[in-house]
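Here is the structure we will look at.
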């Protein structure tokens, strides 16, 4: 069998999710026995000093016997994060005026007003 035939037989269904510099690939593939499994690949683009770029990839293989427990664990971890921190994204890498919660609570009450006025300060280093 040719390599192209094996690749066609192996790749059943795919979905791509772009998230900034990261891209996630969800691929349903077939085993030699004809059963299906899922691969999740994170690909992140890095730019070198000379302007060239490269990608780093990390891959997870998820088999049917692990789907239920994996889904339950993923749902539990997502719920924990949302319950503890809410859905708002907080990132010191993307907000030049970001302060840790301890710093905010110990500063004057005027800090809330100043953070709102600095809302339009945007850092494009990550784009």
- State yes or no: is residue 55 modelled with pLDDT of 85 or more, in contact with a helix residue (DSSP H, G or I) (Cβ under 9 Å, 6 or more places away or on another chain), surrounded by 10 or more Cβ atoms within 10 Å (Cβ to Cβ) and assigned to a strand (DSSP E or B)? no
- Task: State the number of residues belonging to region 14-45 that are more than 15 Å from the chain's Cα centre (by Cα) and free of Cβ contacts under 8 Å to residues at least 12 places away in the same chain.
- Result: 4
- Query: Which one of these is modelled with pLDDT of 95 or more, surrounded by 11 or more Cβ atoms within 10 Å (Cβ to Cβ) and assigned to a helix (DSSP H, G or I): 67, 80?
  - Reply: 67
- Message: So residue 37 ticks every box in (1) at pLDDT 95 or above; (2) surrounded by 12 or more Cβ atoms within 10 Å (Cβ to Cβ); (3) over 18 Å from residue 67 (Cα atoms) but one. Which box is left unticked?
- Response: (3)
- Filtered residues of region 47-66 (kept if in contact with a strand residue (DSSP E or B) (Cβ under 8 Å, 6 or more places away or on another chain) and free of Cβ contacts under 8 Å to residues at least 24 places away in the same chain): 47, 48, 53, 54, 55, 56, 57, 58, 59, 60
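The values are calculated or read from the model by the stated rules, or taken from the named source; none is laboratory data. Everything quoted here is computed from the prediction, not taken from an experiment. Ideal geometry is used to build each Cβ from the backbone, glycine not excepted, and the neighbour counts take in all protein chains shown.
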